[in-house]
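Asks: Dumping the structure here so I can ask a few things about it.
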Amino acid sequence: MSEAILMSKTPHIAIIGAGVGGLTTAALLAQAGYRVSVYEAQTYPGGSASTFIHKGYRFDSGATVAGGFQPNGPHAVAGRMLDINWPVHQHDPAWVVHLPDRTIQMCQDHQDVLAKFPNSGRFWEQQRRVADLAWQMSAEGLPWPPQDIAELGQLIKVGLRHFPQDIRLAPFALSSVHQWLKRLGLHNDRAFVRFLDASLLISAQATSKQVNALYGATALDLTRQGVYHVEGGIGNIAQTLADKVCELGGQIHYRHFVTRIAVENGRAIGVYAKKGRRTTQEMLFQADFVVANTTPWSLESLLSEDAPPALKREVQQREATYGAFVLHLGIRSDRLPPNTADHHQIVRTLDGPMGEGETLFVSMSPEWDTSRAPQGMRAVTVSTHTRIDRWWDLLENDHQAYQATKQQMADTIISRIDAVIPGFRSATELVLPGTPVTYEFYTLRQDGMVGGFPQTSLFRARGPRTGIPNLRLVGDSIFPGQSTAGVTLGGIRVAKDVMRQFN
Ligand SMILES: Cc1cc2nc3c(=O)[nH]c(=O)nc-3n(C[C@H](O)[C@H](O)[C@H](O)COP(=O)(O)OP(=O)(O)OC[C@H]3O[C@@H](n4cnc5c(N)ncnc54)[C@H](O)[C@@H]3O)c2cc1C
């Protein structure tokens, strides 16, 4: 009897979505003794960082490069908190950058970067110092922007612990990467700026003119901190977390589409979900607290008329973020040049717009991971940033043109890879293109917007609060934004915040 009463008093936390952010929060809350239920629309976890199975391939649906496993990296920190041994293997070079006039091996020692950009030594020295401090501080918890007294206290504590070295971060916190380059006289070095822009676009969703220098210094640290392959595909980060949630007594309900967040007297009281896309029958799952692993746009539509005015304003005012055009390819290993690196970034020109096939990220499953593809084959994911509206306009106005543009883009991209990796086209046996329309279908991210917000001013960063006291946002829409490592930091922060609400 008393046990039953105790059981029912344990707060129930409903988490909408089994992305890496949602699952990190779920695992930490389950470990802390909360009743945790995750509602995931798909039959597998991971969202933008999932691995799906098709014709014997295990394709990474979006993310392919796993960072943040160094000792003070977010995955390592979460792994220690949750007693997880991640199924990862470091690889070097992390990737190879192909600019029109030079090729750069992105190795942990940065030797080739310095050799190809001999004037950039001072930039990298400063970058290293800033990033080292930023990693140390973030491992201790940097809830930015602070949302209550407790978070402000935590920021002050970490700030004081690293005083006075952290004062050196101020000029970076207040300027853009471009202004930093200008201070060093590097802003007119076209190739170097292009090289940085390509890297920042994939790690900060904007280029040097917009990206905040402190954020940029940390984002540019990925290769120095080490890049990893995840056994079985990147989706095994989420799968490992999902297994941990279940081991700790939490529940994951796959094929559960959350259709609405139930709100009464200004508080979330649970979520309505339906089992499967087609059914119309909804069930209410009551909860004491709700965490949404969604974008603010999706959150607003889940709240509908209960959305607080500030959230309604936010989704009207914010510019749409990028989408991704992706190709999933099955390629024959033996047609590739010997010792071809697993990851490549291809930048076609030194000027002009990026994305839309002009910049590409190509990732091949490692040859040693035979679980990823049929014998003799490799599972490849190629992605490029794209504007979401062009795909939705095409789909709505001319379905045939939508299909034709998709095929054309796939063909152009394969040719561009072939120009850099000879034999790539003839190695390709299976082609599955995906647009923002595909992303919306599979990740339920509104309009297929992926990657979170561009990391421009730190003072415009978004926190997890939603305007409803027992509802939080988690995932790449909150600071520090995109990447499996970034959403892990956000997930840890949100778990601590939820725990504080019940103490
Ligand atoms: C093409 C591409 C390449 C990328 N490359 C990299 C990379 O190399 N390295 C890297 O670290 N990061 C990369 N990223 C970014 C990274 O994948 C994301 O930032 C991160 O995975 C987002 O995690 P999240 O927690 O926000 O959840 P999401 O990935 O958005 O997952 C949310 C989950 O919630 C579920 N869901 C949403 N709404 C509902 C609902 N109403 N009901 C039920 N379930 C719901 C979805 O099905 C999904 O599973 C890439 C992203 C893309 C798109």
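Asks: Could I have the simple spin-label model distance between Thr10 and Thr280, label points 7 Å from Cα toward Cβ, reported in nm to one decimal?
Replies: In this crude spin-label approximation the distance works out to 3.8 nm.
Asks: Then there is this: Compute the relative contact order of the chain as a whole-number percentage, counting only Cα pairs closer than 8 Å that sit 6 or more residues apart in sequence.
Replies: Numbers: 1047 pairs, mean separation 117.4, N = 503.
It comes to 23 percent, rounded to a whole number.
Asks: On to the next question. Students often get this wrong: which residues of the range 243-259 have the backbone nitrogen under 14 Å from the point 7 angstrom along Cα-to-C-beta of Asp83?
Replies: Inside the label zone: 244-249.
Asks: Along the charge dipole of the range 118-215, pointing to its positive end and built from +1/-1 on Cβ of Lys, Arg, Asp and Glu, which listed residue (Asn188, Gly159, Leu174) has its Cα farthest out?
Replies: Asn188
Asks: Something else about it: Considering only DSSP states other than H, G, I, E and B, which trypsin sites (Lys or Arg not before Pro) in the range 221-302 qualify as loop sites with at most 10 other Cβ atoms within 10 Å? Before the final figure, lay out each step's value.
Replies: Details: sites: Arg224, Lys244, Arg255, Arg260, Arg267, Lys274, Lys275, Arg277, Arg278; in loops: Arg255, Arg277, Arg278.
Listed in order of number, the matching sites are Arg277, Arg278.
Asks: Let's test this: bin the Cα-Cα distances of the chain at 20 Å from zero up to the farthest pair and state each bin's percent.
Replies: 23, 58, 18, 1
Asks: So what's the back-of-envelope 222 nm ellipticity for the chain, counting only DSSP H runs of four-plus at -39500 (n - 2.57) apiece and dividing by all residues, rounded to 500?
Replies: On the way: 19 runs with 198 residues, N = 503.
-11500 deg cm²/dmol, from helical runs alone.
Asks: Tell me which trypsin sites (Lys or Arg not before Pro) from the range 317-346 have a DSSP coil assignment and no more than 16 other beta carbons within 10 Å of their own. Don't skip to the answer; put the middle values down first.
Replies: Numbers: sites: Arg318, Arg332, Arg335; in loops: Arg318.
In loop regions of the range 317-346 (DSSP not H, G, I, E or B), the sparsely surrounded trypsin sites (Lys or Arg not before Pro) are Arg318.
Asks: Moving on to the next point. Once both labels are modelled 7 Å past Cα along the beta-carbon direction, what's the Glu125-Gln375 spacing in nm?
Replies: 5.6
Asks: Could you bin all the Cα-Cα distances of the range 118-215 into 5 Å bins starting at 0 and give me the percent of pairs in each, rounded to whole numbers?
Replies: 3, 12, 20, 23, 17, 12, 8, 4, 1, 0
Asks: Quick check on packing: order 75-81, 43-49 by the mean number of other C-beta atoms within 10 Å, highest mean leading.
Replies: Numbers: 75-81: 19.1, 43-49: 23.9.
Taking the mean over residues of other Cβ atoms within 10 Å, the ranking is 43-49, 75-81.
Asks: Still on this structure, please answer the following. What is the projected area of the convex hull of the Cα atoms of the range 188-290, averaged over all directions, in nm²?
Replies: Numbers: hull surface 47.1 nm².
Average projection, Cα convex hull of the range 188-290: 11.8 nm².
Asks: Okay, moving on. Quick one: work out the % antiparallel among DSSP beta bridges in the chain, nearest 5. Working shown, then result.
Replies: Details: 53 of 71 bridges.
Percent antiparallel among DSSP bridges in the chain is about 75.
Asks: What FRET efficiency, computed as 1/(1 + (r/R0)^6) with R0 = 22 Å and r the Cβ-Cβ distance, is obtained for Ala310 and Tyr272, rounded to the nearest 0.05? Before the final figure, lay out each step's value.
Replies: On the way: r = 23 Å, r/R0 = 1.06.
E(calc), rounded to 0.05, equals 0.40.
Throughout, read-outs are computed from the coordinates displayed, never taken from laboratory work. Owing to the predicted nature of the structure, the values given are computational and were not obtained by experimental measurement. When we count neighbours, we look across all protein chains shown, and the Cβ atoms used for this are built from the backbone with ideal geometry, even at glycine.
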